[in-house]
Every structure is written in structure tokens, then in C-alpha cells.
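The values are calculated or read from the model by the stated rules, or taken from the named source; none is laboratory data. What you are looking at is a predicted structure, and each value in this text was computed from that prediction instead of being measured. Using ideal geometry, Cβ is built from the backbone for each residue, glycine included, and neighbour counts are taken over all protein chains shown. To get the accessible areas, we keep the full protein, side chains included, count just its heavy atoms, and leave off ligands, DNA and RNA. Shrake-Rupley method; radii C 1.70, N 1.55, O 1.52, S 1.80 Å.
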Amino acid sequence: MENKELLELLDANFMSTSEAIEALAVSKQCFHSLVTRNKLTKIKKGSCVLYFRYEIEDRKKHQEELRNKYRPYGT
């Protein structure tokens, strides 16, 4: 595989911390709380930290439902 293909593979399956925070539209503190509570899987290799794209996208799909369940008073 060429580097370009590998980068496309990584991008298709993983997100960086900043990408995940932006995709979920949450604060850094909220995001790190999700990771600490094992709601999202953190993959660490040396100083690189990645998150599974499918977990982030699944969380985003259910985010409004979860907010209504745990914060029924609104945002």
C-alpha cells in the first residue's frame, strides 16, 4: 500500500481528538469524561491518540436522545 492509501484508510476509520470533539460539538472536558467513562475507545501509540470513527458517529447519532434523557430541562 502506498502512503496515500494508508492515510485514506486511517481517515476513513479513525479520528483525532480535535476532530472527534468538533464532530460531537462538545467541550474538551465533556469529551475526556466520555473517554474516562469508557464511552469512547482511546487508541494510543506513542504520542498519537486516535478514536474509532464509527464510535464517534454512533455517539453523534444518539447524542440528542441521550441529552434529552439525562438533561430533560434543556441545554
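Recomputing Cα extents along the principal axes in Å from the coordinates shown identifies the correct label among (i) 51, 23, 17; (ii) 49, 32, 15; (iii) 51, 30, 14 as (i).
Here each label is just a point 7 Å from Cα along the line to Cβ, and for Ser47 and Glu5 those points are 3.0 nm apart. Counting Lys and Arg as +1 and Asp and Glu as -1, what is the net charge of the other residues whose Cβ lies under 10 Å from the Cβ of Glu19? For residues surrounding Glu19, the net value is -1. What lysines could a cross-link reach from Lys39, if we take a straight Cα to Cα line under 23 Å and drop same-chain neighbours fewer than 8 places away? Of all the lysines, those that pass the test against Lys39 - Cα under 23 Å, at least 8 places apart if same chain - are Lys28, Lys60, Lys61, Lys69. Gain on full extension, evaluated as 0.36 nm per residue between Gln63 and Ser27 minus their Cα-Cα distance, stands at 11.6 nm. Ellipticity at 222 nm from helices only: DSSP H runs of n ≥ 4 in the chain, each -39500 (n - 2.57), divided by the residue count, give -19000 deg cm²/dmol.
Given a 1.4 angstrom probe, what's the average accessible area per residue across the chain, in square angstrom?
Details: 6020 Å² over 75 residues.
Computed with neighbouring chains in place, this is 80 Å² per residue.
Of the solvent-accessible surface of the chain, computed with a 1.4 Å probe over protein heavy atoms with every protein chain present, carbon and sulfur atoms account for 52 percent. Straight-distance candidates among the lysines for linking to Lys4, with alpha-carbon spacing under 23 Å and chain neighbours fewer than 8 residues away dropped: Lys44, Lys45.
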